[in-house]
Amino acid sequence: MPASKKDQLVETALRIFNREGYHATGIDRVISESGVARMTLYNHFKSKDELILAVLRRRDENFRNWLMRSVEKKAGTPAERLPAVFDALADWFNEKSFSGCMFINAAAEYSDPDSAIHRLSAEHKVLLCDYLKDLAESAGAKDARTLADGLMLLMEGAIVMRYVAGRRDAAASARTAAAVLIENAGVTAPV
């Protein structure tokens with residue numbers, strides 16, 4: 001079944017924004033590459049910001065679903081899944097299309113904390129941290145929130161080190177540091 005015009009716009013914008021940024025990408029570029037008429041775009045989205053929000057919602061759903069499925073494929077138990085998060089990141093970092101985190105980039109470009117784009121970017125990070133907390137609780141961590149926060153910091157640092165500094169070993173380095181946090185949290189499993 002062919003994608004709807006709205007989906008076509010969102011997917012095209014996602015690809016371009018991911019590669020080139022939000023402010024640097026004009027709405028005419030999205031219209032041109034999507035092959036959708038200007039009127040169709042404005043029938044679905046009142047503004048570029050509304051399109052960006054739709055793109056970020058789609059990316060959030062896609063990324064979190066991908067991460068959870070990837071981690072589950074790599075490890076069977078919650079204790080094994082905690083470090084496997086970094087193995088999944090390594091896979092993402094090695095994708096040809098890897099351009100850093102769309103949410104970090106969006107929050108940087110829309111730095112006002114009251115901006116809907118900034119708030120949605122923050123929400124994505126909270127949802128990822130909640131996923132880590134759920135894994136930590138299931139793995140029997142003494143303080144699941146603290147462990148999740150530490151793992152989240154390592155994830156974010158790895159993303160930035162891979163994208164900004166070009167460190168190909170960023171996920172592996174973060175995994176090594178995560179093993180210490182996981183062990184200190186009382187989780188017993190091979191990491």
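The values are calculated or read from the model by the stated rules, or taken from the named source; none is laboratory data. All of these numbers come straight from a predicted model, not from anything done at the bench. For neighbour counting, all protein chains shown are included, and Cβ atoms are generated from backbone atoms with ideal geometry for every residue, glycine included. For accessibility, only protein heavy atoms count, side chains too; no ligands or nucleic acids. Shrake-Rupley method; radii C 1.70, N 1.55, O 1.52, S 1.80 Å.
The residues of the stretch 60-74 that are open to solvent by 10 Å² or more (accessible area, probe 1.4 Å) and either over 20 Å from SER121 (Cα atoms) or not in a helix (DSSP H, G or I) (or both), listed by number, are ARG69, SER70, GLU72, LYS73, LYS74. Condition first: under 24 Å from GLU11 (Cα atoms) and in contact with a Gly (Cβ under 8 Å, 6 or more places away or on another chain). Can you find one or more residues in the stretch 161-168 that meet it? Within the stretch 161-168, one or more residues are under 24 Å from GLU11 (Cα atoms) and in contact with a Gly (Cβ under 8 Å, 6 or more places away or on another chain).
Within the stretch 41-55, the residues that satisfy the criterion of being in contact (Cβ under 8 Å) with a residue 60 or more places away in the chain and either over 20 Å from ALA116 (Cα atoms) or open to solvent by 10 Å² or more (accessible area, probe 1.4 Å) (or both) are ASP49, LEU53. Of the residues making up the stretch 128-142, just one is open to solvent by 80 Å² or more (accessible area, probe 1.4 Å) and outside any helix (DSSP H, G or I), namely LYS142. For the stretch 158-172, filtered to residues that are over 11 Å from LEU89 (Cβ atoms) and not aliphatic (A, V, I, L, M), the residue that is most open to solvent (accessible area, probe 1.4 Å) is ARG168.
Name the single residue, out of those in the stretch 1-40 being loosely packed, with under 14 Cβ neighbours inside 10 Å and polar (S, T, N, Q), that is farthest from ASN62 (Cα to Cα). The qualifying residue farthest from ASN62 (Cα to Cα) is SER32.
Residue-wise test of (1) in contact (Cβ under 8 Å) with a residue 24 or more places away in the chain; (2) touching a helix residue (DSSP H, G or I) at 6+ places or on another chain (Cβ under 7 Å); (3) outside any helix (DSSP H, G or I).
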residue	(1), (2), (3)
LEU89	yes, yes, no
ALA107	no, yes, no
VAL126	no, no, no
GLU156	yes, no, no
GLY166	no, no, yes
ALA179	yes, yes, no
GLU183	no, no, no
